[in-house]
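The values are calculated or read from the model by the stated rules, or taken from the named source; none is laboratory data. Worth saying up front: this structure is predicted, and the values here are computed from it rather than measured. Glycine also receives a Cβ, built like all others from the backbone with ideal geometry; neighbour counts cover every protein chain displayed. Just the protein is used for accessible areas: all its heavy atoms, side chains included, with ligands, DNA and RNA removed. Shrake-Rupley method; radii C 1.70, N 1.55, O 1.52, S 1.80 Å.
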Amino acid sequence: MSTPESQNPVASDPTTEDALSVSKSATKKAAKKAAKEAKKETPAAAAPSLAVDEQDPLASNYGEVPLVELQSKTAEDVSHWTEVGNLTNALENQSVLIRGRAQTIRAVGNKMSFVVVRERGFTVQCVVTVQLDTVSRQMVKYVAGLSRESIIDVEGVVSVPSVEIKGTTQQVEVQVRKLYCVSRAAVLPINIEDAARSDVEIEKALQAGETLVRVNQDTRLNNRVLDLRTPANQGIFRIQSQVGNIFRQFLISEGFFEIHSPKLIAGSSEGGAAVFKLNYKGQEACLAQSPQLHKQMAICGDFGRIFEIGPVFRAEDSFTHRHLCEFTGLDVEMEIKRHYSEVMDVVGPLFVAMFDSLNKNCAKELEAVARQYPFQPLKYLPETLRLTFEEGVQMLKEAGVEVDPFGDLNTENERKLGQLVLEKYGTEFYILHRYPLAVRPFYTMPCHDNPAYSNSFDVFIRGEEIISGAQRVHVPELLTERAQALGIDVKTISTYIDSFRYGAPPHGGFGVGLERVVMLFCGLNNIRKTSLFPRDPLRLAP
C-alpha cells in the first residue's frame, strides 16, 4: 500500500517556505485555504477527509488515500493481499494486508479502537492500539472517527486470542500497524446490522422488553445497494449463481448447447394481454414473455437439444409473493422420439443434481441465509415422484377439497396438494403431468387418448409451481387452429408457424424462473428477496 502522498495540505504549495516563517495562526490559515482548494478539485461524490495531525511523526501510517493513488497510477503485484475469509490461525504472527468495509468502529479510551472489517460477508476484528513506533494517539482518534461502511486498507499482524471472538466470522485478530481510508461512506439511511437482523431476534428482544429496528422490505429495496451487503443476501446471490452454473453444466453434459434468442418480438409468445408493448421503428412490438417461439424454431433448425438463460418479461398486475414483471428464465427445448416423458426424464435428474450440489457446495451460504431467514432443508427423493393431474385432483378430493377436474389449481390448492404429497410420499419436490388442455398455452400438444388433456407437466417445490413444460405442437395446421382459438393474431407469429412447414421433429421443453427456484429452495417468503433489483408492477428503480 503506498503511503498517502501528502499528509500536510500545504506541503506542495510554492509558498510553503514563507508560511513556515510566519505565525502559527497564519500557518493554520494557509492550511485551511489549501484544503479548501483541494476540496474543490475533489469529485462531488467523494467524502471530506479527516485531518491528519501535522505534528504526528507517525502520520504516514494512516489517513485518506489521495485520488491519484486510486487512479491505477502504477501496476502493482496484488499477490500480497489477503482476503478476510482466508484469515485463519495458520497465519498467526504473519503480516497481512486486507481491504474491506469498516462494519463497526468502537473506541476504548484514547489509546485503543476496534474496527470490524467485512469483505464479501466475512468479518475480522482489527485492533488499533497505541504503539511506540507504529500507532499514535492521533491514529487511534482518526480510526475512531471513520464512518461505518467506509472502505479501508489495513496492514497488521495476525494474532490468535485465547477466547472466542463473538460477532465475527474469523477467529483471529489483526493488530493494526497501518490503516488508510480508500472511500469514505456518507451517513447511512439504514444500518447493515439492522438489515441483517432476523425476525426471531426482533421478537425475542420484544419479549425481553427491548426494541430493535426492523427494516421493512420497501426500505430495503429503496436502499438495495446497502441491503445486498448483509450476510444473507451475500449467500442468496451466490446460491443463485450456482443454480445457473449447475443448470448449464448438467445440460451440457447431457448433449445440450446454449442459445440466445431475441427479446424484441412482433407478437405475444404466450398468448393473452400480459405483454409489454413498444414502438419498434414504426412497428408494434413487445418484449418476449419467454423464448418459447424461438427455441422451438431452433429445434426446427436441427439443433436437437438446446437451453437458454435470459430475461423474461410479464406485464401482469400481480402483487403476489412469487410474481415479477421481469425475471431470469431457465429454458430447455429438445427433440423427443416417442413420448413427452423424455422431457421429464431430464427435469428430474437435473434438479436432483442441482439440490445435491447446493447442499454440498453452498453450506456456508445456506447457513448465512438460515441465520436471518430460518428454514428447513428441502426434502426430495433420488428419483423424482410423478403424479398425473387426475391423481392430484383425487388426492385433494379425498382431503375434502373440491377442484374443477378441467381447471387449473389455484395457489391455495397447490399448497394443499404439496402438503398431501409430503405426508404420503415424503418429498417436497414432484412432477404433476397430463394437465387439462384448456389451461395450457396454444402450442401445447393435446393428449392422443383424450383431447381434454395435454402432454404437459408442472413441477413443484414446497407446494409452489416452479416449472411449466410440455410436448409442443409441431403440426402447422393444428398450431394455427390452437392460436386462433386463444385469440392470438396468427399474422404476428406467421414466421413461427411457417418454421414447422419444412419438416419439424416432435419436441418438447420447459421453462423455470431462476428467482423462484432460489426462493423456494431457501424457504423464503418473497421472490423480491431473490431478485437482485426486482421489477414488479410498482417498482422500476433502483
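Just one residue in the set VAL215, VAL187 is within 19 Å of the chain's Cα centre (by Cα), in a loop (DSSP other than H, G, I, E, B) and modelled with pLDDT of 95 or more; that residue is VAL215. If you check THR411 against the conditions, is it hydroxyl-bearing (Ser, Thr, Tyr) and either modelled with pLDDT under 95 or open to solvent by 90 Å² or more (accessible area, probe 1.4 Å) (or both)? Judged against the criteria, THR411 is a match. You will find that of ARG101, ARG118, the residue that is within 14 Å of ILE151 (Cα to Cα) and open to solvent by 40 Å² or more (accessible area, probe 1.4 Å) is ARG101 and no other. When the residues of the range 467-492 are filtered to those that are β-branched (Val, Ile, Thr) and without any contact (Cβ under 8 Å) to a residue 60 or more places away in the chain, the one that is least open to solvent (accessible area, probe 1.4 Å) is VAL473. Scanning the range 53-63 for residues that are open to solvent by 30 Å² or more (accessible area, probe 1.4 Å) and of a type in the set (D, E, K, R), which turns out farthest from the chain's Cα centre (by Cα)? Applying the filter and picking the extreme gives GLU54.
Entry remark, the range 419-440: residues being within 14 Å of LEU409 (Cα to Cα), without any contact (Cβ under 8 Å) to a residue 40 or more places away in the chain and open to solvent by 40 Å² or more (accessible area, probe 1.4 Å) number 2 in total. Here ALA205 fulfils each of the conditions (1) open to solvent by less than 70 Å² (accessible area, probe 1.4 Å); (2) free of Cβ contacts under 8 Å to residues at least 24 places away in the same chain; (3) outside any helix (DSSP H, G or I); (4) farther than 23 Å from TRP81 by Cα apart from (3). Screening ASP302, ASP317 for residues that are at pLDDT below 95 and assigned to a loop (DSSP other than H, G, I, E, B) leaves exactly one candidate, ASP317.
When residues in the range 228-239 are screened for being open to solvent by 30 Å² or more (accessible area, probe 1.4 Å) and part of a helix (DSSP H, G or I), 4 of them pass.
As a summary of the residue check, VAL312 satisfies the conditions (1) at pLDDT 95 or above; (2) open to solvent by 10 Å² or more (accessible area, probe 1.4 Å); (3) within 13 Å of GLY513 (Cβ to Cβ) except for the one numbered (2). Considering the conditions (1) in contact with a helix residue (DSSP H, G or I) (Cβ under 7 Å, 6 or more places away or on another chain); (2) touching a residue at least 60 places away in the same chain (Cβ under 8 Å); (3) in a helix (DSSP H, G or I), ALA504 is excluded by exactly one of them, (3). Within the option set GLY509, GLY487, GLY469, being more than 33 Å from the chain's Cα centre (by Cα) and either part of a loop (DSSP other than H, G, I, E, B) or modelled with pLDDT of 95 or more (or both) holds for one residue only, GLY487.
Among the residues of this structure, VAL116 counts as one that is aliphatic (A, V, I, L, M) and touching a strand residue (DSSP E or B) at 6+ places or on another chain (Cβ under 6 Å).
Each row is one residue, and each column tells you yes or no for (1) surrounded by 18 or more Cβ atoms within 10 Å (Cβ to Cβ); (2) assigned to a strand (DSSP E or B); (3) at pLDDT 90 or above.
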{"residue": "GLN249", "(1), (2), (3)": "no, no, yes"}
{"residue": "GLY255", "(1), (2), (3)": "no, no, yes"}
{"residue": "SER261", "(1), (2), (3)": "yes, no, yes"}
{"residue": "ALA273", "(1), (2), (3)": "no, no, no"}
{"residue": "ASN279", "(1), (2), (3)": "no, yes, yes"}
{"residue": "GLU284", "(1), (2), (3)": "no, yes, yes"}
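Determine if the range 162-179 includes at least one residue that is of a type in the set (A, V, I, L, M, F, W, C), open to solvent by 40 Å² or more (accessible area, probe 1.4 Å), assigned by the TED database to the domain that holds VAL117 and modelled with pLDDT of 95 or more. Within the range 162-179, not a single residue is of a type in the set (A, V, I, L, M, F, W, C), open to solvent by 40 Å² or more (accessible area, probe 1.4 Å), assigned by the TED database to the domain that holds VAL117 and modelled with pLDDT of 95 or more. Among the numbered conditions (1) at pLDDT 95 or above; (2) of a type in the set (A, V, I, L, M, F, W, C); (3) open to solvent by less than 50 Å² (accessible area, probe 1.4 Å), the only one that VAL403 does not meet is (1). Could you go through the range 296-305 and let me know if any residue there is open to solvent by 20 Å² or more (accessible area, probe 1.4 Å), under 22 Å from the mean Cα position of the chain (by Cα) and more than 27 Å from THR169 (Cα to Cα). Looking through the range 296-305, none of the residues is open to solvent by 20 Å² or more (accessible area, probe 1.4 Å), under 22 Å from the mean Cα position of the chain (by Cα) and more than 27 Å from THR169 (Cα to Cα).
Restricting the range 208-224 to residues that are open to solvent by 50 Å² or more (accessible area, probe 1.4 Å) and either of a type outside the set (A, V, I, L, M) or in the same structural domain as LYS364 (by the TED database) (or both) leaves a set whose member that is farthest from LEU366 (Cα to Cα) is GLY209.
One residue stands out among those in the range 350-400 that are in contact with a strand residue (DSSP E or B) (Cβ under 7 Å, 6 or more places away or on another chain) and under 24 Å from LYS529 (Cβ atoms): the one that is surrounded by the fewest Cβ atoms within 10 Å (Cβ to Cβ), which is LEU378. For the range 498-542, enumerate the residues that are out of contact with any strand residue (DSSP E or B) (no Cβ under 6 Å at 6 or more places or on another chain), closer than 30 Å to ILE306 by Cβ and open to solvent by 30 Å² or more (accessible area, probe 1.4 Å). ASP498, ARG501, TYR502, GLY503, PRO506, LEU532, PHE533, listed by residue number.
Can you confirm whether the range 461-481 contains a residue that is under 26 Å from PRO405 (Cα atoms), touching a strand residue (DSSP E or B) at 6+ places or on another chain (Cβ under 8 Å) and among the hydroxyl-bearing types (Ser, Thr, Tyr)? Yes, the range 461-481 contains a residue that is under 26 Å from PRO405 (Cα atoms), touching a strand residue (DSSP E or B) at 6+ places or on another chain (Cβ under 8 Å) and among the hydroxyl-bearing types (Ser, Thr, Tyr).
Looking at the range 400-413, can you tell me whether even one residue there is in a helix (DSSP H, G or I), under 36 Å from the mean Cα position of the chain (by Cα) and in contact (Cβ under 8 Å) with a residue 24 or more places away in the chain? Within the range 400-413, one or more residues are in a helix (DSSP H, G or I), under 36 Å from the mean Cα position of the chain (by Cα) and in contact (Cβ under 8 Å) with a residue 24 or more places away in the chain. Taking the criterion of being over 25 Å from the mean Cα position of the chain (by Cα), among the aliphatic types (A, V, I, L, M) and surrounded by 17 or more Cβ atoms within 10 Å (Cβ to Cβ), the only residue of the range 441-466 that qualifies is MET445.
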